[in-house]
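Comments concern the structure below.
The values are calculated or read from the model by the stated rules, or taken from the named source; none is laboratory data. In this text the structure is predicted, and so the values were computed from the model without any measurement. Cβ sites come from the backbone with ideal geometry, for glycine too, and all protein chains shown count toward neighbours. Side chains included, ligands, DNA and RNA excluded: accessible areas come from the protein's heavy atoms. Shrake-Rupley method; radii C 1.70, N 1.55, O 1.52, S 1.80 Å.
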Amino acid sequence: MADHEASRASTTGGLPVAPTLAPSLDGLRLPRAERGTTTRLLKLCALAIAIGLLGAGAAEFLTALIGLITNLAFFGRVSFGLTSPAGHHLGALAALVPVIGGLIVGVMARYGSPAVRGHGIPEAMERVLYGESRISPRVMLLKPLSAAVSIGTGGPFGAEGPIIATGGALGSVIGQLLHMTADERKILLAAGAAAGMSGVFGSPVAAVLLAVELLLFEYRARSLIPVALASAVATACRMALHGSAPTFPMPDVAEPGAWALAWYLALGAVVGVASVVVTRGVYAVEDAFEKLPIHWMWWPALGAIVVGVLGYGAPHILGVGYDNIQNILDGSLVGRALLVLVTLKLIAWTLALGSGTSGGTLAPLFTIGGGLGAVLGALAARWSPGIGVDPRIAALVGMAAMFAGASRALLTSVVFAFETTRQSLGLLPLLGGAATAYLISLVGMRNSIMTERLARRGAPVRTEYSVDYLSRVLVRDAASRDVVSLRTDDTIGAVRAKLVEGGAGFRHHGYPVLDAAGTLMGVIKLRDVTDPSADPAALVTTLIQRPPAVIFEDNTLREAADHMVVEGVGRLVVVDRKQPWRMVGIISRTDLLAAHKQRLDEQRTRRSYLDTIIPRPTIRA
């Protein structure tokens with residue numbers, strides 16, 4: 001008996017195969033197994049570490065290039081130090097510098113690559129979603145150069161958006177040079193983006209969260225680990241070059257009380273409304289430029305005219321403005337000067353970004369939000385000192401709330417504000433204020449500042465993630481068990497007769513064929529049976545054209561759906577994993593759709609327990 005079982009359980013590819021099977025079953029079409037997950041993950045991690053080093057280098061290069069152009073344009077000297085244009089001695093000629101920069105960026109965009117326009121993150125999102133994470137090497141070179149020209153000549157932007165785009169392009173290009181899937185290229189792109197952000201701000205956790213919330217569109221170990229490694233490596237490089245001090249140091253703050261926390265929540269709501277206004281304002285300006293009867297190449301120069309005029313009167317609005325964020329957070333910039341800075345920065349940045357030039361959004365949004373929070377916090381501290389509002393915490397909350405409302409990157413905003421200031425007692429106000437701003441943003445506008453442009457191009461982006469429902473349901477819970485099958489000794493003519501007789505079982509597009517022992521031999525199609533050229537006297541086994549596509553009972557419906565796509569079939573034979581030649585059911589596309597009924601039922605509002613004990617009043621007409 002044992003010898004008989006051993007002879008019957010000969011294996012092919014690790015699966016037992018019955019010796020009586022037709023030759024077609026030797027190539028049983030099984031679901032595609034996971035490719036060497038561990039090996040591929042280790043390879044991605046090694047590449048991510050290298051990308052972290054390169055991303056940190058790219059961040060250093062971009063900031064040095066911005067410093068060089070700023071010093072040449074406003075001070076006529078050769079220096080790579082990042083400085084504010086505010087101390088220039090050009091007089092009225094300074095108003096022309098941003099215009100010259102805008103002209104250069106327009107030429108680079110038209111004759112180099114239009115992808116250099118904008119603030120970088122939406123373009124990276126578009127490549128991830130609709131371009132298989134492929135970014136041209138030309139963009140990798142032109143994006144930082146155009147951003148350096150724009151910012152170095154006074155553009156009111158931060159360097160973080162362009163460096164995120166540059167780091168992402170770097171990761172994408174490396175992925176294209178190697179044998180990678182589109183998913184793996186996406187991971188390398190996100191790793192490069194996170195490395196770039198960490199290289200500028202030294203905020204490794206916030207950089208990883210930014211990649212998760214805006215670029216990866218998933219939360220899996222396979223993607224999270226490489227991105228985290230790249231971010232950590234880039235941060236380590238930055239620490240080695242610039243030390244471990246926070247990017248925006250500020251005096252220690254006291255733990256807020258209950259009334260102060262409530263006020264910070266209200267502040268988040270106010271800043272959330274402001275984030276909606278700011279986002280709509282940016283795209284309103286963009287729409288206005290779209291209506292101009294001149295080529296878009298000239299738009300950055302037109303926007304730069306306003307920037308130059310405003311910058312002549314208030315030079316602190318020009319450039320990256322990291323010093324402004326520092327002054328807002330430590331309380332050295334207050335009162336009317338702060339209000340003027342925020343107002344003019346908002347106008348200049350909105351016009352410049354709407355004109356399609358190259359620059360980032362993170363630093364301007366932090367400046368605007370932080371300034372608004374500081375102004376409101378100072379008013380609250382003066383008018384209601386008993387509440388215990390600290391204008392510095394209010395500035396911190398306003399900074400995070402503005403970015404959370406505009407970008408919908410809630411966790412990134414909170415953690416970034418903490419990592420760049422190291423103020424742990426500000427975490428609770430940050431979380432509450434940013435969450436409130438996020439809520440207001442969701443109510444006030446359909447898309448964020450990152451996704452609105454993509455939505456207008458007909459490419460809507462959803463940044464809300466949930467576990468795929470089909471991956472939660474097993475095949476055995478959705479498969480049909482009552483399966484009509486054919487026998488190997490059935491003739492084509494006999495099957496046709498059964499079809500004519502009708503019956504619920506003979507309404508399908510495919511039928512499994514079993515031998516006398518119940519062994520699966522293959523699947524035949526209805527159209528082959530009804531083909532007039534088929535010999536009625538021939539056995540149905542002559543119509544078997546390929547090995548049967550099967551799925552195991554313990555596979556998920558997501559694996560079943562993917563296997564249907566790969567095999568180009570609308571139904572799979574469900575088999576026992578221990579005896580894969582034994583059919584136990586059928587799973588069809590209809591079964592996959594029917595499985596969603598449970599998901600839809602879970603989303604319906606049901607009667608609550610209170611409804612059963614407190615009947616609702618009947619409203620009579």
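Would you pick out the residues in the range 274-311 that are open to solvent by less than 50 Å² (accessible area, probe 1.4 Å) and among the small types (G, A, S)?
Within the range 274-311, A274, S275, G281, A301, G303, A304, G308, G311 qualify.
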Quick check: is even one residue across the range 335-342 small (G, A, S), assigned to a helix (DSSP H, G or I) and within 23 Å of A59 (Cβ to Cβ)?
no
Which numbered condition in (1) buried (at least 21 other Cβ atoms within 10 Å of the Cβ); (2) at pLDDT below 85; (3) of a type in the set (A, V, I, L, M, F, W, C) is the only one that I586 fails?
(2)
Flag for R476 being in contact with a Pro (Cβ under 9 Å, 6 or more places away or on another chain), open to solvent by 40 Å² or more (accessible area, probe 1.4 Å), in a helix (DSSP H, G or I) and more than 30 Å from A258 (Cα to Cα)
no
Go through (1) open to solvent by 30 Å² or more (accessible area, probe 1.4 Å); (2) at pLDDT 80 or above; (3) farther than 21 Å from D468 by Cα one by one and return the number of the condition Y609 breaks.
(2)
Identify, from the list L65, L129, L72, L82, the residue that is modelled with pLDDT under 85, aliphatic (A, V, I, L, M) and in a helix (DSSP H, G or I).
L129
Any chance the range 23-31 includes a residue that's open to solvent by 70 Å² or more (accessible area, probe 1.4 Å), in a loop (DSSP other than H, G, I, E, B) and at pLDDT below 90?
no
If I filter the range 556-583 down to residues being farther than 21 Å from Q545 by Cα and over 31 Å from the mean Cα position of the chain (by Cα), which single residue comes out as least open to solvent (accessible area, probe 1.4 Å)?
D576
Got at least one residue in the range 413-420 being aromatic (F, W, Y), closer than 22 Å to G199 by Cα, part of a helix (DSSP H, G or I) and open to solvent by 30 Å² or more (accessible area, probe 1.4 Å)?
yes
Flagged in the range 85-110 as within 33 Å of the chain's Cα centre (by Cα), open to solvent by less than 50 Å² (accessible area, probe 1.4 Å) and either modelled with pLDDT under 90 or among the aliphatic types (A, V, I, L, M) (or both), in numbering order, are V105, M108, A109
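Conditions (1) modelled with pLDDT of 75 or more; (2) among the β-branched types (V, I, T); (3) under 20 Å from A274 (Cβ atoms), marked per residue:
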| site | (1), (2), (3) |
| --- | --- |
| R446 | yes, no, yes |
| R457 | no, no, no |
| V461 | no, yes, no |
| A479 | yes, no, no |
Out of curiosity, is L142 of a type in the set (A, V, I, L, M, F, W, C), closer than 27 Å to T350 by Cα and surrounded by fewer than 24 Cβ atoms within 10 Å (Cβ to Cβ)?
yes
Which condition number does V540 fail, the rest of (1) closer than 30 Å to L129 by Cβ; (2) at pLDDT below 85 being met?
(1)
Which condition does I440 not pass, out of (1) out of contact with any helix residue (DSSP H, G or I) (no Cβ under 6 Å at 6 or more places or on another chain); (2) under 21 Å from V277 (Cβ atoms); (3) open to solvent by 30 Å² or more (accessible area, probe 1.4 Å), if it passes all the others?
(1)
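Quick check on V320: is it open to solvent by 10 Å² or more (accessible area, probe 1.4 Å), touching a helix residue (DSSP H, G or I) at 6+ places or on another chain (Cβ under 7 Å), modelled with pLDDT of 90 or more and aliphatic (A, V, I, L, M)?
no
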Residues (in contact (Cβ under 8 Å) with a residue 60 or more places away in the chain and among the acidic types (D, E)) located in the range 556-581
E559, D562, E567
Contacts under 6 angstrom Cβ, first residue in the range 532-555 being open to solvent by 30 Å² or more (accessible area, probe 1.4 Å), partner small (G, A, S), 6 or more apart:
P536/G493; I544/S24; I544/G522; P547/S24; P547/G27
Which ones in the range 451-473 are open to solvent by less than 20 Å² (accessible area, probe 1.4 Å) and in contact with an Asp or Glu (Cβ under 8 Å, 6 or more places away or on another chain)?
L454, A459
